[in-house]
C-alpha cells in the first residue's frame, strides 16, 4: 500500500466521520481528503516530481497534517521540520535534503523570513493561513480538483526523509519508503486491537513531526478520530482524554512521569484509555509500576528507530502483568517481543549471533528497514550490512524471547577497564521518590578514563542529596557502577519529542574537560 492508502481506507469506512479535531475545529474524512487532493494537484502543477522533497513547518495542527497527506498523494516525499529547533538548523535541513516546497504556519512567518535570507533550493512557500507575503493555502488550491491525481506509486518510493542526528556534523536523512511505513502501520494495528465497532480516538499530543504523526495513521486507517493538541502538557493530555474519550495516546517517558505526578494533585476520568504507548527512551520501571497502579493495564511499550520506524518490538498491556499482578522488574525492563514482520538478531562484532542472554548489538532485517540515508552511501553501507540494520543498541534476549536493551553502544561507559551500562544506573536513580528524571554519562577522569556521573532533575519541591543517591546505587549495583558524582539541574536538555539529549549532557563535560556543568 502507498501511505496515502491508509487515509483513504478510513475515508471509505466513514466519509462523513470526523477524522481530525483540534479544539472546536473539525475535519471530516471527506473534507480532509478533498483538500489533500487539491494540495496534490497544486504541487504537481507547480512542478513537483516523483519524490520531490516537501517540508512542513508548523506546530501540531490538522491543516499541517493534511499538507503531509497532500504531499504523499502527489508522490512527493515529506521532510519534517520542528518549529522548536533553531532557524539555522532547519535551514541546514532544507539545503541538505533538497527541499523545493515549504508549507508553514503563519505564526512562524518570522522564522520563514530568516530562512529566505539563507541560500537553499526552496522555490515555493505556501502559508497555511492569511496575513503573510506568501500564497495562502486557500488561494493556492482554490481552483484545483477534489479528486486524486493519477499518480502511480512503487513500494520502494521514498515517502519520508526524516532528519536524525547532526548535532556535531551533517544531519542524516532516513529514507522511509511506502513499504517500510506500511509495515509500521501494520505492526501498530496488530498491537493496538479493538473489538468490532468500538470507538477509536487517538490523541496526538507529542509533536506530529515525530512519532505522533505517523502513529496516527493506524487510527485513520480504521476510520478513527485523531484529536490534536498543541503540546503534551500533563493537564492538556488529561483534559483531552476526559473531554474526547481518548482511547490511545503515544507519550515519551518524560511526559508520562509528569502525567503521573499531576495525577497526585488532580482527578481525571481516564476510563476510556485503552492504550498508553510509551517509547523513544528507556522507562523507569518504578514509575511504570506506579502508572499501572494508577491507570490500570493500559501501558504498551514500544521499541523502534527512525531507521526501522517505531515498530521493532512491543510489550503488550497484558504482558505488564503476571498472574494479575504487576510483572517483575526483569519483564518491565524489556521492550517486549519482536513484531511479526521483522527479524531481530543479537550479533557480535563479527556478525555472528550470540547465545541467549549474552549481550551484543541488536540488528534488524525486513521490510521495516529504511531504504538508506539520503545521498549518503557511506553511512548507509556502515549501518545496513548484508541486509541487517545495525541499530547501535546493545541488548540481549531472555529465555522467553523478550528483548532487553542494555544501552546505546556510544553511551557505554568504560571506567577503569570495566563496562558500565548507564541504563542500569538510571533505573536505580529513577526509583528514588524525589527524582523526576536523570541521565548517566561518562565524564573525563585522569586515572579511570571515564567516571560514572549522574545528572539529575528533581521533582518540584522535593529534595535528595548527592551522597544519598550515590549510596543508593552502591548498595544495589556495587561501587564500580555507582556514580562518582551527582550533578543537579533544573531541566535536562530534551528533543522536541521529549527524549533526553544524552549527547548534549555528555558533551557539556567533555568540551573543556570539566567535571561540572
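FYI, it's all coordinate maths here, none of it is from the lab. What you are looking at is a predicted structure, and each value in this text was computed from that prediction instead of being measured. All Cβ positions, even for glycine, are placed from backbone atoms using ideal geometry, and neighbour counts span all protein chains on display.
Relative contact order of the chain, taken over Cα pairs closer than 8 Å and 6 or more residues apart, is 11 percent. Sorting the segments 190-200, 427-437 by their mean number of nearby beta carbons within 10 angstrom, highest to lowest, gives 427-437, 190-200. Sorted largest first, the principal axis extents computed over the alpha-carbon atoms of the chain equal 71, 49, 47 Å. Looking at the chain alone, DSSP beta bridges between its own residues are antiparallel in about 60 percent of cases. When both region 308-379 and region 188-230 are represented by their alpha-carbon centers, they are found 23 Å apart. Beta bridges from DSSP with both residues in region 103-194: antiparallel share about 60 percent, rounded to the nearest 5.
Per residue, the average separation of C-alpha pairs within less than 8 Å and at least 6 apart gives region 27-177 a relative contact order of 27 percent. Each of residue 322 and residue 382 was given a label point 7 Å from its Cα along the Cα-to-Cβ line. The distance between the two points is 4.0 nm.
What is region 412-510's relative contact order, in percent, from Cα pairs under 8 angstrom and six or more apart in sequence? Answer for region 412-510 is 27 percent. Shape class for region 246-287: oblate, because the ratio a/c of the largest to smallest gyration tensor axis (alpha-carbon atoms, square roots of eigenvalues) is 1.5 or more and b/c is at least a/b.
Stretched out straight at 0.36 nm per residue, the stretch from residue 412 to residue 267 would grow longer than its current Cα-Cα span by 48.1 nm.
I'd like the orientation of helix 285-295 relative to the chain: the angle between its Cα long axis and the longest Cα principal axis, in ° from 0 to 90, rounded to 10. In the chain, helix 285-295 runs at an angle near 60 degrees to the longest axis. Anisotropy class assigned to region 232-408 is prolate, per the alpha carbon gyration tensor with a/c at or over the 1.5 cut-off and a/b larger than b/c. For region 412-510, the square roots of the Cα gyration tensor eigenvalues, ordered a ≥ b ≥ c, give a/c of at least 1.5 with a/b no greater than b/c, which places it in the oblate category.
Region 1-49 and region 115-142 have Cα centres separated by 20 Å. The length gained by stretching the chain between residue 133 and residue 489 to full extension, at 0.36 nm per residue less their Cα-Cα distance, is 123.9 nm.
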